[in-house]
1. Using packing as a proxy for protection, rank 26-38, 84-96, 10-22 so that the peptide with the highest average count of other Cβ atoms within 10 Å comes first.
2. What's the angle, to the nearest 10 degrees (0 to 90), between helix 57-73's Cα axis and the longest principal axis of the chain?
3. Can you list the cysteines of the chain that have no other Cys Cβ under 4.7 Å away?
4. Would you mind counting up the charge near LYS23? Only other residues with Cβ under 10 Å from its Cβ, with Lys and Arg at +1 and Asp and Glu at -1.
5. Where does the charge balance sit around ASN86 when Lys and Arg score +1, Asp and Glu -1, over other residues with C-beta under 14 Å from its C-beta?
6. For the stretch 40-113, report the % of Cα-Cα distances exceeding 19 Å.
7. At a 1.4 Å probe radius, carbon and sulfur cover how many percent of the accessible area of the stretch 4-104?
8. So which of LYS10/LYS65; LYS43/LYS96; LYS43/LYS65 end up more than 19 Å apart, counting from Cα to Cα?
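The values are calculated or read from the model by the stated rules, or taken from the named source; none is laboratory data. All of these numbers come straight from a predicted model, not from anything done at the bench. With ideal geometry, Cβ positions are generated from the backbone for all residues, glycine too; neighbour counts draw on all protein chains shown. When the accessible area is computed, the model is the full protein with side chains, heavy atoms only, and any ligands, DNA or RNA have been set aside. Shrake-Rupley method; radii C 1.70, N 1.55, O 1.52, S 1.80 Å.
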Amino acid sequence: MDCIFCKIVKGEIPSKKAYEDEKILAFYDINPQAPIHILVIPKVHIASVDEINEDNSEIISHIFKTIPKIAKEHAVNDKGYRVISNCGDDACQSVKHLHFHILGGRQLSESMA
Ligand code: AMP
Ligand code: ZN
């Protein structure tokens, strides 16, 4: 499968890691939209939020337990941060491997769309 985030997990494409454990990886977005812009992904390939189900949702729980730790390590927990997952074409999902953007480090726009 030609998935760039699977290649990042395998180390075939370099990334600047922010967090890693046996199940998930967080790395800095190559085109940051805010001073802190980190992507959190499951190591297993899940295409998008739309593919979350009973069988794979444990990893989502793990991701969301880890996000506050990553936010704290990057000192955005006090002032706040945004967590986004684009799902599908209307949402402009460009990489079809589930990822959660953590954005922070400045006042973000009120606009959600
Ligand atoms: P999305 O548009 O929500 O699918 O987000 C995909 C994100 O992946 C974008 O913000 C890209 O800048 C980022 N991205 C694409 N390739 C890489 C890469 N090799 N390393 C880090 N971030 C990447
Ligand atoms: Zn993948």
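1. Ranking the peptides 26-38, 84-96, 10-22 by packing returns 26-38, 84-96, 10-22.
2. Long axis of 57-73 versus the principal axis of the chain: about 30 degrees.
3. Result for the chain is CYS87, CYS92, no neighbouring Cys Cβ within the cutoff.
4. Local charge sum for LYS23: -3.
5. Once positives and negatives cancel, what remains is -3.
6. 41 percent
7. 50 percent
8. From the list (LYS10/LYS65; LYS43/LYS96; LYS43/LYS65), the Cα-Cα distance tops 19 Å for LYS10/LYS65.
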